[in-house]
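Novice: Structure in structure tokens, see below.
The values are calculated or read from the model by the stated rules, or taken from the named source; none is laboratory data. The shown structure was predicted, so the numbers you read here are calculated from the model rather than taken from an experiment. Here Cβ is always computed from backbone atoms with ideal geometry, including for glycine, and neighbour counts include all displayed protein chains.
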Protein chains: 2
Amino acid sequence: MGSSSALGVLAEPSRREILDLLRGGEQSVGDLVGHMRISQPAVSKHLRVLKEAGLVDARADAQRRLYRINPGPLEELDDWLAPYRGFWAARLDHLESHLDRRRKR
Amino acid sequence: MGSSSALGVLAEPSRREILDLLRGGEQSVGDLVGHMRISQPAVSKHLRVLKEAGLVDARADAQRRLYRINPGPLEELDDWLAPYRGFWAARLDHLESHLDRRRKR
DNA sequence: CAGCTATATAACTGTCAAGGCATCTACGGA
DNA sequence: TCCGTAGATGCCTTGACAGTTATATAGCTG
């Protein structure tokens with residue numbers, strides 16, 4: 001159960017969208033639904049998958065459930081990526097334009 | 001067509017296995033098949049997907065096709081991950097054990 | 001308690017993709 | 001040219017999974 005599982009979970013665009021939304025901080029299910037085009041049950045199911053993969057945590061606030069990012073699996077994904085970094089790090093000819101791109105964020 | 005596509009492609013364990021094998025350098029299809037438990041056609045199909053996603057390149061050598069890693073999409077995945085890095089970078093209490101883990105490779 | 005709100009679960013359906021086997025194509029050697 | 005090898009492609013079956021609607025559960029409010 002390495003970063004592998006996280007990759008499978010993140011393959012779903014809706015789940016990446018949820019994570020993106022959660023980058024702004026804790027959100028209730030209803031908040032998330034309001035920003036997405038799928039039904040509330042669909043969002044709930046994605047949240048379940050994300051939670052089982054450890055990518056989000058939830059806490060209860062009355063009837064609402066507030067979800068937030070749990071970075072652990074993303075960190076593992078970062079580790080998985082590590083051995084590949086050398087493949088582009090060595091390509092210095094591309095490095096500069098890459099840094100340019102990142103600087104623009 | 002951002003890192004999204006790469007994530008979908010990498011969700012497949014067999015495809016990650018192929019990439020791992022290719023980290024050792026160029027490999028023919030037969031070489032790859034020899035290290036995996038799926039049939040030759042299955043490997044060929046995965047290679048096609050990987051190639052269409054730009055994750056590998058191929059060159060011909062007589063009847064053989066030699067495949068190798070193309071890091072571009074992985075770099076994009078790295079970029080996708082960037083906005084999330086702050087989530088664990090700030091958790092200094094976990095940093096040390098994380099470094100321990102990495103040191104053991 | 002009655003009723004409302006917020007979320008989760010159930011049951012069902014349609015789509016898609018991975019894997020296998022059989023076959024086709026390309027190249028090289030005798 | 002004929003055969004063997006390497007790989008790709010076609011077809012088929014099967015399983016996983018996203019999405020929907022309907023319903024269940026939990027907590028708040030009057």
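Novice: Go through region B:9-27 and count every residue that is of a type in the set (Gly, Ala, Ser) and without any contact (Cβ under 8 Å) to a residue 24 or more places away in the chain.
Specialist: 2
Novice: OK, next. Name the residues in region A:15-34 that are exposed (fewer than 14 other Cβ atoms within 10 Å of the Cβ) and either farther than 13 Å from A:Val56 by Cβ or over 15 Å from the mean Cα position of the chain (by Cα) (or both), would you?
Specialist: Passing the criteria: A:Gly24, A:Gly30, A:Gly34.
Novice: Right, something else. Exactly one condition in (1) over 12 Å from the mean Cα position of the chain (by Cα); (2) surrounded by 20 or more Cβ atoms within 10 Å (Cβ to Cβ) is not met by A:Glu52; state its number.
Specialist: (2)
Novice: OK, next. Could you list, in sequence order, the residues of region A:79-94 that are assigned to a helix (DSSP H, G or I), modelled with pLDDT under 90 and of a type in the set (D, E, K, R)?
Specialist: Answer for region A:79-94, where residues must be assigned to a helix (DSSP H, G or I), modelled with pLDDT under 90 and of a type in the set (D, E, K, R): just A:Asp93.
Novice: Could I ask something else about it? Which of the residues spanning region B:11-36 are more than 11 Å from DNA strand D (Cβ to nearest atom) and either in contact with a Ser or Thr (Cβ under 9 Å, 6 or more places away or on another chain) or over 24 Å from A:Ser5 (Cα atoms) (or both)?
Specialist: Correct list: B:Pro13, B:Arg16, B:Gly25, B:Met36.
Novice: Starting from region B:37-57, keep only residues that are within 13 Å of B:Ile18 (Cα to Cα) and within 14 Å of chain A (Cβ to nearest Cβ), then list their pairs with residues that are more than 8 Å from DNA strand D (Cβ to nearest atom) and small (Gly, Ala, Ser) whose Cβ atoms are within a distance under 9 Å, requiring at least 6 positions of separation or different chains.
Specialist: Listed pairs, sorted by first residue: B:Leu55/B:Ala6; B:Leu55/B:Gly72.
Novice: Answer yes if at least one residue in region B:13-21 is out of contact with any Asp or Glu (no Cβ under 8 Å at 6 or more places or on another chain), at the interface with another protein chain (Cβ under 10 Å from one of its Cβ atoms) and more than 13 Å from DNA strand C (Cβ to nearest atom), and no otherwise.
Specialist: Looking for residues that are out of contact with any Asp or Glu (no Cβ under 8 Å at 6 or more places or on another chain), at the interface with another protein chain (Cβ under 10 Å from one of its Cβ atoms) and more than 13 Å from DNA strand C (Cβ to nearest atom), one finds at least one in region B:13-21, hence yes.
Novice: Do you know which residues across region B:67-78 are without any contact (Cβ under 8 Å) to a residue 12 or more places away in the chain and not in a helix (DSSP H, G or I)?
Specialist: B:Pro71
Novice: Could you figure out which of (1) farther than 20 Å from A:Gly86 by Cα; (2) free of Cβ contacts under 8 Å to residues at least 12 places away in the same chain isn't true of B:Gly30?
Specialist: (2)
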